[in-house]
Amino acid sequence: MKLPQLKIGELVARVPIIQGGMGVGISLSGLASAVAEEGGIGVIAAAMIGLTSSKPNKSTPEAQSEALADEIRKAKAKTSGIVGVNIMVALSDFAAQVSTSVKEGVDIIFSGAGLPLDLPKYLVDGAKTKLVPIVSSGRAASIICKKWMSKFDYVPDAFVVEGPKAGGHLGFHRDQLDDPDFALDSILPEVLDAVKVFEEKTGKTIPVIAAGGVYTGEDICKYIKMGASGVQLGTRFVTTHECDADEKFKQAYIDASEEDMTVIQSPVGLPGRALKNKFLDEVTDGKKTPFKCSFKCLKTCQVETAPYCIASALINAQRGKLKYGFAFAGANAYRAKKIISVKELIAELSSEFEAACPA
């Protein structure tokens, strides 16, 4: 059995693989266009994207929108494949980034880190951009569908359901991360059941994409057999040549052991999965002190008590300055052994899928 296509409305991806949006600056136009060119869905991370720019005043809201527009244009110039943007609800400039993405004609907006209850209002006449919320429960999917239907007469074009083994900020309480009731294998059926109700009401197909800890073609086989239409992978794409992070960032994954995987309490008030390093050890030891916020990038950031700036830490890591930051990573990051091309990775996942899912 070959990898099936993934259809989201009239968009058709040759392979059912979405590359997760990874900020700050880990997935920009380089990675997104490479994935799209191989038949998957490439995703640019909007979070503080201005910090990756070489232009002045890079932390201003205007710079964020300008940098996002630039990356979308660059990605679309490199591929005729499907390019999406990941925009966190928690971003202070959420509205501006969504409007910019729609204006630039991005194919899909993925949105999590909160419930994107008003996302359809940003669609202007003639816009073809698909809207895909990222959720961690069937209840969240139902709430979004009900709200969108009552307010906008619109249902999501797809859902990503993300389990607790994902990298970065997680939509779970700390005590839920190792609870089997909240594992992807448990919440995927809940979301499928919730979405089915609205498919029947509207007659619209709403694909559900499994995410969080998906690592191999065998995993893809398992989740498609469970009813998912596709999968989202982030961690696997970090250790590719095309990933937009510095080589030292990628090497941190290669060098990591299973014991290096950790969960931190982020300044934004959520648990986050990352690679242990000296910077995080210093945070744990109380050697980092509250700072003056210059970005105001996240609505939920607890600036008064935060021991460090998450935006600064993440852009430092993206630039390879891991002494001054840290790398977010999924639970399986330690399994990476070498840096390969996106083309090789998709081929590897495809052959693993075919072996695990015989016709």
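Do we have ILE109 as in a strand (DSSP E or B), open to solvent by 20 Å² or more (accessible area, probe 1.4 Å) and either of a type in the set (Val, Ile, Thr) or without any contact (Cβ under 8 Å) to a residue 60 or more places away in the chain (or both) here? Steps first, answer last, please.
Values: in a strand (DSSP E or B): yes; open to solvent by 20 Å² or more (accessible area, probe 1.4 Å): no; either of a type in the set (Val, Ile, Thr) or without any contact (Cβ under 8 Å) to a residue 60 or more places away in the chain (or both): yes.
No, not satisfied.
Sort through LEU177, LEU170, LEU192 and tell me the only one that's of a type outside the set (Lys, Arg) and out of contact with any Pro (no Cβ under 6 Å at 6 or more places or on another chain).
LEU192
Those residues that are under 17 Å from THR129 (Cα atoms) and surrounded by fewer than 18 Cβ atoms within 10 Å (Cβ to Cβ), I need them from the range 45-78; list them, please.
Hits for the range 45-78 are ALA69, ARG73.
Restricting to the range 308-359, name every residue that is outside any helix (DSSP H, G or I), over 26 Å from GLU259 (Cβ atoms) and touching a helix residue (DSSP H, G or I) at 6+ places or on another chain (Cβ under 6 Å).
Within the range 308-359, just CYS357 meets the criteria.
I'd like to know if the range 114-125 contains one or more residues that are outside any helix (DSSP H, G or I) and of a type in the set (Val, Ile, Thr). If you could, list the steps in order and put the result at the bottom.
Here is the first cut: in the range 114-125, the ones outside any helix (DSSP H, G or I) are 114-118, 123-125.
From what's left, of a type in the set (Val, Ile, Thr): 124.
Yes, that holds for at least one residue.
Which of (1) surrounded by fewer than 23 Cβ atoms within 10 Å (Cβ to Cβ); (2) modelled with pLDDT of 95 or more does PHE328 not meet, given it meets every other one?
Single failed check for PHE328: (1).
If a residue has to be surrounded by fewer than 23 Cβ atoms within 10 Å (Cβ to Cβ) and either free of Cβ contacts under 8 Å to residues at least 60 places away in the same chain or assigned to a helix (DSSP H, G or I) (or both) to count, how many in the range 85-99 make the cut?
Result for the range 85-99: 5.
Yes or no: the range 140-148 includes at least one residue that is more than 25 Å from ASP181 (Cβ to Cβ) and more than 14 Å from the chain's Cα centre (by Cα).
yes
Being surrounded by 15 or more Cβ atoms within 10 Å (Cβ to Cβ) and either among the acidic types (Asp, Glu) or in contact with a Lys or Arg (Cβ under 9 Å, 6 or more places away or on another chain) (or both) is the filter; apply it to the range 269-282 and report the residue that is modelled with the lowest pLDDT.
From the range 269-282, those surrounded by 15 or more Cβ atoms within 10 Å (Cβ to Cβ) are 270-277, 279-280; that's our starting set.
When the remaining residues are screened for being either among the acidic types (Asp, Glu) or in contact with a Lys or Arg (Cβ under 9 Å, 6 or more places away or on another chain) (or both), the result is 271, 273, 277, 279.
Working: PRO271: 90, ARG273: 96, ASN277: 96, PHE279: 94.
Among those residues, the one meeting the criterion is PRO271.
The values are calculated or read from the model by the stated rules, or taken from the named source; none is laboratory data. What you see is a predicted model, and the numbers here were worked out from it, not measured in a lab. Reconstructed Cβ throughout: ideal geometry from the backbone, glycine too, with neighbour counts over all protein chains shown. All accessible areas refer to the heavy atoms of the entire protein, side chains included, with ligands and DNA or RNA removed. Shrake-Rupley method; radii C 1.70, N 1.55, O 1.52, S 1.80 Å.
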